[in-house]
Amino acid sequence: KEKYNLHTSDKEFGSFVIDIAGNDGALLSQFTKAIPGLKHLNIDPASNLASVNEAAGIRQYCKFWNMETAESLQGLGWPKADLIAATNVFAHVDDCKGFLKACVYALKDTGVLVLEFPYIADFINNNEFDTVYHEHLSYMSVKPVERMLNDAGLFIHNISKFEIHGGTIRIEAGKQRSAIGDRIAHGYIEAEEVIDYTRFAKYVNQTILEFEYGLD
């Protein structure tokens, strides 16, 4: 704890940002560049990156994100977070509900959780099966994510779509319900209902036959 200066200080800027699985601190470095002295923490289990982050002035807590980790932050003097970012990590999580409950525990009542992950609609519609890799435990759509968020006590405020990774969505959620967020989410859900999974399965099987066995 002392080595990586995890105890917070009143001298730091009041707002607090957590980046879950922030790797080498690339995202947090943009926050600290814009707001010098910003209270921040990269929660990532990769201990080999701790010295890299320390050298860059990024604080790292070498833990996996779960309720135990969220609760331990209070013992280290950290406040509730104004922003929790989880970009391209949620699809790697085996306990999504536990992950979100920990976020709710660590988030201020006015705080925002940002989830970003590859979008299953693009994955299916564009036949992107070749982008699958072992760390991705889930390929997600808005409907189940909205339900998990609601069960945890969070509500969608906005959804943005990006082309990165063949199609990615970014969900912003908070503890207060948003009528605009509900409408945005339901628009995505309606579009998801017409995804043709059968066509995708046939395409994958045909591709295997053509490239593995030379069959038409």
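In the range 12-110, counting only helices (runs of 4 or more DSSP H) that sit wholly within it, the ones holding 3 or more residues that are within 19 Å of Leu149 (Cα to Cα) and either in contact (Cβ under 8 Å) with a residue 24 or more places away in the chain or open to solvent by 30 Å² or more (accessible area, probe 1.4 Å) (or both) span 96-106.
Looking only at the range 115-130, residues that are surrounded by fewer than 21 Cβ atoms within 10 Å (Cβ to Cβ) and among the aliphatic types (A, V, I, L, M) come to 1 in all.
Out of all the residues in the range 179-202, which are under 22 Å from the mean Cα position of the chain (by Cα) and of a type in the set (D, E, K, R)? Correct list: Asp182, Arg183, Glu192. Among the residues of the range 134-147, the ones that are surrounded by fewer than 18 Cβ atoms within 10 Å (Cβ to Cβ) and at pLDDT 95 or above come to 3 in all.
Looking at His186 and the list (1) in contact (Cβ under 8 Å) with a residue 24 or more places away in the chain; (2) surrounded by 14 or more Cβ atoms within 10 Å (Cβ to Cβ), which single condition is not satisfied? Unmet for His186, out of (1) in contact (Cβ under 8 Å) with a residue 24 or more places away in the chain; (2) surrounded by 14 or more Cβ atoms within 10 Å (Cβ to Cβ): (1).
Considering each of His157, His165, His134 in turn, give the residue that is part of a loop (DSSP other than H, G, I, E, B) and not hydrophobic (A, V, I, L, M, F, W, C).
Checking each option against the conditions leaves just His134.
The values are calculated or read from the model by the stated rules, or taken from the named source; none is laboratory data. Quantities reported herein were computed from a predicted structural model and do not represent experimental measurements. So basically every Cβ, Gly included, is an ideal-geometry build from the backbone, and we count neighbours across all protein chains shown. Note: accessible area is taken over every heavy atom of the protein model, side chains too, but ligands, DNA and RNA are not part of it. Shrake-Rupley method; radii C 1.70, N 1.55, O 1.52, S 1.80 Å.
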